[in-house]
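The structure appears below as structure tokens.
The values are calculated or read from the model by the stated rules, or taken from the named source; none is laboratory data. Keep in mind that this is a model prediction, so the values were computed, not measured. Quick reminder, even Gly has a Cβ in these numbers, built from the backbone with ideal geometry, and neighbours come from all protein chains shown.
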Amino acid sequence: MFNNMRKLNDMTLDEWASVDIKNTVVLAKRSARNSVRYALELGKLQKLPCEYLDCRCPEVEAHHPDYTEPLSVLWLCHKHHSALHYPIYPYLRL
């Protein structure tokens, strides 16, 4: 714990700014995920099949193209969601 506090105290102003930006993105992601979860529970949002036409996977995940619109999501299976986020891995090719 004290090592983390020492690191924070030794940070430059630019480093503090980058931490703040990262925290803002993390909070936006968390808020968007919670919004989707809550809308699903209330029945205001419904899971749809994977957006890829040839995919027949029944389990889907919400993908947020824009975190400022938390309920505007693409429904993707895990394979296609991973391929979207990590396109450099050949075993996740679409």
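Brief remarks on what is shown
- Selection count where residues are in contact with a Ser or Thr (Cβ under 9 Å, 6 or more places away or on another chain) and surrounded by 12 or more Cβ atoms within 10 Å (Cβ to Cβ), scope the range 77-94: 1
- For N4: the one exception among (1) at pLDDT 70 or above; (2) exposed (fewer than 11 other Cβ atoms within 10 Å of the Cβ): (1)
- Once the range 51-66 is narrowed to residues that are among the hydrophobic types (A, V, I, L, M, F, W, C) and closer than 30 Å to T24 by Cβ, the residue that is surrounded by the most Cβ atoms within 10 Å (Cβ to Cβ) is A62.
- Scope the range 11-43; condition of a type in the set (G, A, S) and at pLDDT 80 or above; matching residues: A28, S31, A32, S35, A39, G43
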